[in-house]
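What follows is calculated from the coordinates using simple rules that are stated; it is not laboratory data. The model shown is predicted, which means the values in this text are computed figures rather than measured ones. Here the Cβ positions follow ideal geometry from the backbone for every residue, glycine too, while neighbour counts run over all protein chains shown.
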Amino acid sequence: MRGKENPYLKIGDTNDRSTKGESDYVWALQDINFEVERGEVLGIIGKNGAGKSTLLKILSKVTAPTTGSIKSRGRIASLLEVGTGFNGEMTGRENIYLNGAILGMTKKEIASKLDEIIDFSGCERYIDTPVKRYSSGMTVRLAFAVAAFLEPEILVIDEVLAVGDAEFQKKAIGKMQDISHQGGRTVLFVSHNMAAVKQLCTKGILLENGKIKKHSDIQSVLNEYTNLSKIQSEFMYVIKENKTLISKIVIKNQFDHLTNVFQFNDEIIMEIDIFVNNPKVSLSIFIKDNDFNLIFIDEYPVKESGKYKIVLPSGFLLKSTYYADVHLYSPNIEFFDSKKDEVTFLIENYPQKFSMYDNVDCGIINSPLIWSKIL
């Protein structure tokens, strides 16, 4: 306002978190240009640091763009982080009225939706308790219920639903489908849960290093995201921040060769370097299929820092592309560090014994059952 230059308008490097920058400033987003029609459900996907959350903050008018403009029609309700827009000192009921007022609704309109919001959130017992005493799951339940039932024309949702349990995630996705199909309202959805994105969204945008890599129907965008992961040539995921607890992930075969392309009879070995400053910590791995559906989970209790090895035995998984999430957490489900979809590997061929099933999908896991004759 005093006519002084804004130092944050000095823009330099592209937004690639894996390389050392030449400037103190980067393009978090660059050359972003798209339209979303009324009633459309748009999925925005990409790796960590691609610019997804920044884009939603700009669309929600939380952050102003350095250049360019955002044009929208109708009220925008956003769930960007757990507790955004909530006053911790106020009760759940008071926060419902507060959020409704921010959206421009009258007290009478909010009151007419109050019972539905409380019922959907499942927080009726604590609705008159200050929100600061809510768990993150309870907070996101109430926040989603407020955003969904106060009928904004545009609903913007970042990766907050992952905080909720499986039952709530299912309810939330069903509610978003109802909002778009029956209410004709627009939904913008960011998530690393590709199964939810595929189920909910009609169109998608793939972001890479702050730029639009692909904007098309959701299946084409998911295929492009999968292909990006398949052609990775770097298998050492070095996390450069000093405070992280998972510092490196390496994937290789039984011959000690770094690779993410395996034959059916190869062992798949992951080596994970961790730093531990808590005596009660577990290291877990989530394996997901090509559609990002969870196949299985395994975990191992760790007591000290060091390098840990996970071995997927030969012949265990059939031909497909797979993704692995690695988590470091305490038994009370407090996550210290998580790496999602950063490990991708491909198994190329079926074993000979499946040749009789050429025209049949043999599934994913090759776990031989024990057969016997008992009579």
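Where in region 186-213 is the amide nitrogen less than 20 Å from a point lying 7 Å along the Cα-to-Cβ axis of Glu153? Output list for this probe position: 186-189. As a rough footprinting exposure proxy, the listed residues Thr139, Thr202 were ranked by other beta carbons within 10 Å of their own, and the order from fewest upward is Thr202, Thr139.
Annotation for Glu35 and Leu369: the two label points, set 7 Å from Cα along the Cα-Cβ direction, are 5.5 nm apart. Sequence-ordered 3J(HN,Hα) estimates for region 111-123 from the Karplus curve with 6.51, -1.76 and 1.60 and θ = phi - 60° stand at 4, 5, 9, 4, 5, 5, 4, 5, 5, 5, 5, x, 10 Hz, glycine and proline given as x. Relative protection proxy for 335-347, 99-111, from highest mean packing down: 335-347, 99-111 (other beta-carbon atoms within 10 angstrom). One chain, two ends: Ala195 and Leu98. Fully extended at 0.36 nm per residue, the span grows by 31.6 nm beyond their Cα-Cα distance. Across region 246-352 the C-alpha pair distances fall into 5 Å bins from zero in the proportions 2, 12, 23, 24, 18, 11, 7, 2, 1, 0 percent.
Computing FRET efficiency as 1/(1 + (r/R0)^6) for Asn87 and Arg125, where r is the C-beta to C-beta distance and R0 is 22 Å, gives about 0.65. The order of Cys123, Cys201, going from fewest to most other C-beta atoms within 10 Å of their C-beta, is Cys123, Cys201. Here Val276, Val261, Val281 are placed in order of increasing Cβ neighbour count within 10 Å, fewest first, which gives Val261, Val276, Val281. Modelled label positions at Glu348 and Ala111, each set 7 Å beyond Cα in the direction of Cβ, lie 7.0 nm from each other.
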